[in-house]
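Report on one structure; see the data block that follows.
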Amino acid sequence: MLLKDCVAIVTGAGKGLGQGIAEEFFKEGALLALFDIQYDLVENLAKKLDSSGERVMAIKADVTDEMMIKDGMSKVFDKFGKIDILVNNAGISLHKPTKEMSVEDFNKVININLNGPFICSKSVISYMEKQKRGKIVNIASLGGRTGRPGVGVNYAASKAGVIGLTQTLARELGPSGIYVNSICPGPILTEQTKQYSADVFASWNVGRAVKKDGLPQDVADAAVFLSSNKSDWITGVTLDVNGGILMK
Ligand code: NAP
């Protein structure tokens, strides 16, 4: 088991990629804190994974609310005594042509997708510094690496920002033993991507090197690697998990 007894927070764990990451981390032996704005989803997942409540806790947390995040992390520390891993996964998309996008539409996505990882990372640093070790994994996106048809500028800008945040945090926190990396998933069918038409979704896969469609499991496997001691000389990277759609 690669994450045996490591304490991990996964944001946006209620469904989609976050749920996939949580399930894989559980199999790898992690103790889990599932954060989501939709409490019922993480409560159900926590019960499904561990009905005893010993290894998994569910926390209602909006990643844009600093007080809520600090309070959630302190509950995690009270229960498990440490925090080893933070996966900044919560995110949304709100796509419109730029001419039709209001400033509110732009700010909403930046707030959740970029300010959220900033707030959660900032809040976890003191816990990780205490033990002189930690792993932060940010879920960015292929959309933040290269423009994708139909993806809003708010989403692309937020995810490009997450990559910059990752690299700068990696330099700042490396001396404290805290590793910070990002994963850029390609298109994976979840509730977030279901809002796009089949044609747009298919267009994102054009040029893919492998035949296999992307699954939450693919991102979860990469997150396990970047959260484990198998990646102890890797920090500040942007790991493309996209079946070879983009190779850089
Ligand atoms: P999803 O199915 O919509 O799941 C995201 C979860 O995060 C939902 O439960 C959502 O709740 C929650 N959430 C939203 N805002 C939140 C907030 N402020 N605080 C806490 N939780 C919040 O999305 P997904 O497709 O799994 O995406 C997960 C991450 O991967 C996102 O960062 C996304 O941008 C990224 N990503 C996804 C793909 C893909 O193809 N699926 C590709 C590249 C990157 P609500 O349902 O209430 O919003």
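The values are calculated or read from the model by the stated rules, or taken from the named source; none is laboratory data. The model shown is predicted, which means the values in this text are computed figures rather than measured ones. Note: ideal-geometry Cβ built from the backbone for every residue, glycine included; neighbour counts use all protein chains shown. Accessible surface areas use protein heavy atoms only, side chains included; no ligands, DNA or RNA. Shrake-Rupley method; radii C 1.70, N 1.55, O 1.52, S 1.80 Å.
Data table
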item: In Å², nearest 10: area of K82 left accessible to a 1.4 Å probe; result: 60 Å²
item: Cβ charges +1 (Lys, Arg) and -1 (Asp, Glu), total dipole of region 98-248, debye; result: 360 debye
item: Amide H within-cut-off set for I245, under 5 Å, with H built and near neighbours excluded; result: A209
item: The chain - accessible surface per residue (Å², probe 1.4 Å); result: 46 Å²
item: Rounded accessible area of E54 (nearest 10 Å², 1.4 Å probe); result: 130 Å²
item: Selected from T11, T166, T64 as most flexible by GNM, with the chain as the system and alpha-carbon contacts under 10 Å; result: T64
item: Phi-based couplings in Hz for region 205-210 (Karplus 6.51, -1.76, 1.60; Gly and Pro marked x); result: 8, 4, x, 5, 6, 9
item: Most mobile of K27, K60, K194 in a GNM of the chain (Cα contacts under 10 Å); result: K194
item: Pairs beyond 19 Å (Cα-Cα), from K15/K230; K4/K135; K70/K130; K48/K135; K27/K48; result: K15/K230; K48/K135
item: Solvent-accessible ranking of W233, W204, largest area first, probe 1.4 Å; result: W233, W204
item: For I9, solvent-accessible area (1.4 Å; no DNA, RNA or ligand), Å²; result: 0 Å²
item: Helical contribution to [θ] at 222 nm, DSSP H n ≥ 4, -39,500 (n - 2.57), averaged over the chain, rounded to 500; result: -13000 deg cm²/dmol
item: Kirkwood hydrodynamic radius of the chain, Cα pairs, Å; result: 17.9 Å
item: GNM top mover of G72, G16, G207 - the chain, alpha-carbon springs below 10 Å; result: G207
item: Helix axis angle, 216-227 relative to the chain longest principal axis, alpha carbon, degrees; result: 50 degrees
item: Region 134-239 - Rg and Dmax from Cα coordinates, angstrom; result: 14.8, 46
item: Cα gyration tensor shape of region 1-91, rounded if a/c is under 1.5, else prolate or oblate by comparing a/b with b/c; result: rounded
item: Solvent exposure, largest accessible area first (probe 1.4 Å, DNA, RNA and ligands not counted), of R55, R148; result: R55, R148
item: Region 1-81 - charge dipole about Cα centre, Lys and Arg +1 at Cβ, Asp and Glu -1, debye rounded to 20; result: 180 debye
